[in-house]
Amino acid sequence: MSGSSTMQKSKPTHVRYLILLMLFLVTTINYADRATIAIAGSSIQKDLGITPVTLGYIFSAFGWAYVAGQIPGGWLLDRFGSKKVYAMSIFTWSLFTLLQGYVGEFGISTAIVALFMLRFLVGLAEAPSFPGNARIVAAWFPTAERGTASAIFNSAQYFATVLFAPLMGWIVYTYGWQHVFVVMGAVGILFSMIWMKVIYGPRNHPMINEAELEHISSNGALVDLDQDKGKGAQKTASSGPKWDYIRQLLTNRMMLGIYLSQYCINGITYFFLTWFP
């Protein structure tokens, strides 16, 4: 009996799969929020008298900000850790998404400018999301499991379209385009609160046991990646990324190939997320 009890106690937990579920869900919400403007776009055009060219600029606002925010977003994650930065990212992009539902309260010109600015802010706020996903996977998953974990959370971007596109289309048809932004923004704000309750580093998570911690740490998980992050007063400038590292990333031939392929994938993805009927 005692031997069986000891074996039971030493059996590893699987908290990392809960973390992966959270990454899958947040990425689903992330891409659903990106698609809101496409689902509501034709109705917004009719209500506000927006031309296709103007709508194109509104679509592009997200992309411009998303590009500009990537390196600063990564630096914030390195400086303050994934949990708090990502939670703030989720909350702010969801708030800006929700506010888009109220641009129709302004005059047409003001509404167009407000919509452009809010889409820009959504892009800026979402910039830390995928670097955050990568950091959390690196901290929680052994080297041999990272590819599978990354594939799972990346699949959420397409799952979001399958799940939310019909739902958002129904909301637009039944209640009006404003409600798409309000509903999706509210979902994201709620999820940011759940995130703070569920996400921790491996060493600090209340649900993990020693067996799982030992398993992931001994097999390549960077369990100390976010240890003591966020104590800004105690940090030095050395805690952030070095410009030499950035230069190496921008000149490495293998990384340049990855950048090019990602550019091509995103070009196709965003066409379907925006202009495709």
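Coordinate-derived values only; no laboratory data. As the structure is a computational prediction, the values presented were derived from the model and not from experiment. All Cβ positions, glycine included, derive from the backbone under ideal geometry; neighbour counts span all protein chains shown.
Neighbour counts of C-beta atoms inside 10 Å place M184, M207, M196, M168 in the sequence M207, M196, M168, M184, starting with the fewest. Taking the C-alpha atoms only, the angle from helix 15-48 to the longest principal axis of the chain is near 0 degrees. Against the main long axis of the alpha-carbon atoms of the chain, helix 143-175 sits at an angle near 30°. What does a probe at S10 reach in segment 191-211, counting residues whose amide N is under 20 Å from the point 7 Å along Cα→Cβ? From segment 191-211, the list is 208-211.
Think of the chain as a dipole: +1 on every Lys or Arg Cβ, -1 on every Asp or Glu Cβ, centred on the Cα centre; then among T36, V198, S82, S82 lies furthest on the positive end.
Among D226, D244, D33, the ranking by other beta carbons within 10 Å of each residue's beta carbon, starting with the fewest, stands as D244, D226, D33. Relative to the longest principal axis of the Cα atoms of the chain, the long axis of helix 253-274 lies at roughly 50 degrees.
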